[in-house]
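The values are calculated or read from the model by the stated rules, or taken from the named source; none is laboratory data. Note that the coordinates shown come from a computational prediction; the quantities given were computed from them, not determined experimentally. Neighbour counts are summed over all protein chains in view; Cβ atoms, including those assigned to glycine, are modelled from backbone coordinates with ideal geometry.
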Amino acid sequence: MSQLPFSSLPLHSDLLSNLESLDYNEMTDIQAQSLPVILDGKDIIAQGKTGSGKTAAFGLGLLNKLDVKRFRIQTLILCPTRELADQVGKEIRRLARGIHNIKVLTLCGGMPFGPQIGSLEHGAHIIVGTPGRIEDHLSKGTLNLDNVDTLVLDEADRMLDMGFQDSIDNIIEQAPKERQTLLFSATFPDQIANIAKRILKDPVTVKVESTHDNDAISQYFYKVSNHEDRMYALRLLLLQYQPESAVVFCNTKREVQEVNDELVNRGFSAIALHGDLEQKDRDQALIRFSNKSASIMVATDVAARGLDIDNLSAVFNFDIAHDQEVHVHRIGRTGRAGKKGLAFSFYSNKDAGRIIALEDYLQRNISEDALPSESVLDYTPTQSSMITIRIEGGKKQKLRPGDIVGALTADNALTFEQIGKIQLSANWSYIAVQRECIKVAFNKLSEGKLKGRKFRVMVVRG
Ligand code: ADP
Ligand code: MG
């Protein structure tokens, strides 16, 4: 934190009072460095690690500039994936709560076109979307960028990694030249410098230190020689430490699936997250992980990037990351908010170069740590504390979290504490309940009525 209050900035009072209600008191470092520049109307390149508060940095900047009475698309925010776009859309809406009648629209792939076209016809002030889908709308003429005066590239490095360079160029060609461009990125490879040169005007560069507080994260390194070794080491460590929530990073989608399947077969509560999954499976994976119905997420960097899966008790590098900054990024998801974090990395002889680079980057020696003893194989894997129930009805059916809590707590079936996270989408609702009351909860929801009608209900298992 920067120790600087938001009120030290020339922000509209409705934004400031909303920030107070959100309990955003001080600016984070990246906010303190970038907001003055953004509010000054300048282009910016801002580099900061995941969780540093980049969304509010650009979000407050663009909201402060927005003219709500002019019902035109004034801001376009590009994000690499649908999950990120959804998260950014949500955060912008939260930040904008003090502004009446503001319309934020999310346009992503994997969603049907029809409703998006309908929403576009109704108009919006801010569009958040993925490059592919935005490009599609532009080519069909269903989206017009003539009034855009702020363009944001969020997670720019990841968008380039994912091959969106051409899409981004096409999109920018259709945006006015007179505009403010804000580029946010976690890392700063050469590709970013190139694109920045083409699309930004005299940008100010700000960078917030990407290394973490070494004391908060204990890092361990294990030498392995093949896939079986890695799997074995992973099992031993999971059984020894029994983390409540952990992410296992792999370098390929295939490996994600393999590792996940092996863990599930051995009774671990794991889920896979990678780009080849159907959208609905991705959504469900994230929901189950975030609501504690699964304790291990096996993921690629691309799939996990930028997602609000922080506060992990442990991070595993099934493979050493290709890049030191990515390594630091991965492990930075643990050891947050004053808690101790654990980071376990597996490396083989082939990784010698990466280990040397990492030693240099972390300014420490890396030597082989000893694995837990084989006796831990007798332990049973921890079960997740929660189980997820899905209701085939959501916001469109006018369901609200209160309806669900009401149904579950009626006749003292469940206590408030036994109900976990509730997440509503357009046509589905997901409810986490404590494992021991899953039966009662399921019966309550499937036999009872919500908003006067019956809904199909199912228990979501891995
Ligand atoms: P990034 O995009 O840099 O990875 P986010 O914008 O997603 O990070 O922010 C991470 C978390 O920090 C979010 O949950 C957000 O609500 C919270 N946050 C951001 N800025 C502040 C602040 N100034 N005070 C308190 N919480 C904040
Ligand atoms: Mg972000």
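Considering each residue of the stretch 38-45 in turn, at least one proves to be without any contact (Cβ under 8 Å) to a residue 24 or more places away in the chain and either assigned to a loop (DSSP other than H, G, I, E, B) or surrounded by fewer than 20 Cβ atoms within 10 Å (Cβ to Cβ) (or both).
Of the candidates 341, 393, the single residue that is of a type outside the set (Lys, Arg), at pLDDT 85 or above and not assigned by TED's automatic domain parsing to the domain that holds residue 239 is 393.
Applying the criterion of being near ligand 2 (Cβ under 10 Å from one of its atoms) and in a loop (DSSP other than H, G, I, E, B) to the residues of the stretch 50-79, the residue that is surrounded by the most Cβ atoms within 10 Å (Cβ to Cβ) is 79.
Considering only the stretch 115-131, I want to know if a residue exists there that is touching a Lys or Arg at 6+ places or on another chain (Cβ under 9 Å) and loosely packed, with under 14 Cβ neighbours inside 10 Å. Yes, the conditions are met somewhere in the stretch 115-131. For the stretch 86-113, a tally of residues being under 19 Å from residue 278 (Cα atoms), of a type in the set (A, V, I, L, M, F, W, C) and surrounded by fewer than 24 Cβ atoms within 10 Å (Cβ to Cβ) returns 3. When the stretch 171-188 is limited to residues that are over 21 Å from residue 47 (Cβ atoms) and part of a helix (DSSP H, G or I), the one that is nearest to the chain's Cα centre (by Cα) turns out to be 171. For the stretch 31-48, filtering for residues that are under 18 Å from the mean Cα position of the chain (by Cα) and near ligand 1 (Cβ under 7 Å from one of its atoms) leaves 1. Only a single item in (1) within 30 Å of residue 12 (Cβ to Cβ); (2) at pLDDT 95 or above is not met by residue 131, and it is number (1). Residues in the stretch 147-170 that are more than 15 Å from residue 54 (Cα to Cα) and in a helix (DSSP H, G or I): 159, 160, 161, 165, 166, 167, 168, 169, 170. Taking the criterion of being more than 16 Å from ligand 1 (Cβ to nearest atom), buried (at least 19 other Cβ atoms within 10 Å of the Cβ) and closer than 21 Å to residue 187 by Cβ, the residues of the stretch 148-171 that qualify are 151, 160, 164, 167, 168.
Looking at residue 194, is it assigned to a loop (DSSP other than H, G, I, E, B) and of a type outside the set (Ser, Thr, Tyr)? It is false that residue 194 is assigned to a loop (DSSP other than H, G, I, E, B) and of a type outside the set (Ser, Thr, Tyr). Based on what the data block shows, is residue 166 assigned by TED's automatic domain parsing to the domain that holds residue 40, touching a residue at least 12 places away in the same chain (Cβ under 8 Å), among the charged types (D, E, K, R) and farther than 30 Å from residue 349 by Cα? Against the criterion (assigned by TED's automatic domain parsing to the domain that holds residue 40, touching a residue at least 12 places away in the same chain (Cβ under 8 Å), among the charged types (D, E, K, R) and farther than 30 Å from residue 349 by Cα), residue 166 does not qualify. Within the stretch 429-462, the only residue that satisfies the criterion of being in a loop (DSSP other than H, G, I, E, B) and within 10 Å of residue 389 (Cα to Cα) is 461.
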